[in-house]
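Every read-out reported here was derived from the displayed coordinates using simple, explicitly stated rules and does not represent laboratory data. Given the structure is predicted, the values throughout are model-derived calculations rather than measurements. Note: ideal-geometry Cβ built from the backbone for every residue, glycine included; neighbour counts use all protein chains shown.
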Amino acid sequence: MTEEKSTTLRAYPPKPPFWHYPAIALLSAMIPGVFYVLVFIITAELVTDFHVTQPTRYALAVVGCLTGIATMVIFLRWEQDRWYWELTESKLVVGIRNKKVFPLSSIVRLSDGIPDIALPAKSVIDSINPLLSAVLAAGRAQAFLLVFRDGSMLPMHIHACEGGTQLMEELKARVSDRVCQNCVLTEAEASALKLADWNRVVRKGFERRKSA
């Protein structure tokens, strides 16, 4: 076993109880399924001047449901990728299908904790459930913000994953010379992170494209 393999850490999303899978799949497919069924049937009605037969409607409904299922399978596979991580001595890897590799040497800063960001919906969240703001703040305090040499950023939060906390702590140790405590975000960084999601790269120039 090489030294690289012996020091590799991995994190995986926790597995829910088995009965969750069909329930999640059914609920996830219903939303795009209903959309496609309506689109297909309404389009057919308009094209035929509202002379679509009942068997054709049934056939279009089946096609719409199958298209909805296919859409959610593709989406869930894409969504799942951001919760699989691997850390070696020289690189950080995210994903199991469309892997993205980040050499540790490309990290110029690791912010231990992400400062409070004035999200546009914060006042709405506070009015609905004030405790949620505290939960979000706690999540940001545990998160990392990786800033890369090309200017892109990665808000990282995998404590809920199996092995996630250990991987994050080891990452911090391996780039300890670039760790920043209580960092202050630049205006451009704060603007880009307002619409960012955990474990997804915010590309360089994102905030400029958004404001253009």
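Under a crude label model (7 Å from the Cα following the beta-carbon direction), how far is GLN142 from ALA188 in nanometres?
For the pair GLN142/ALA188, the computed spacing is 3.2 nm.
Could you work out how far apart the two model spin labels at VAL34 and ARG149 are, taking each label as a point 7 Å from the Cα in the direction of the beta carbon, and quote it in nm?
5.0 nm
When only Cα pairs under 8 Å and 6 or more residues apart are kept, what is the percent relative contact order across the range 20-81?
49 percent
Obtain the radius of gyration and the Kirkwood radius of the range 20-81 from its C-alpha atoms and give Rg over Rh.
1.11
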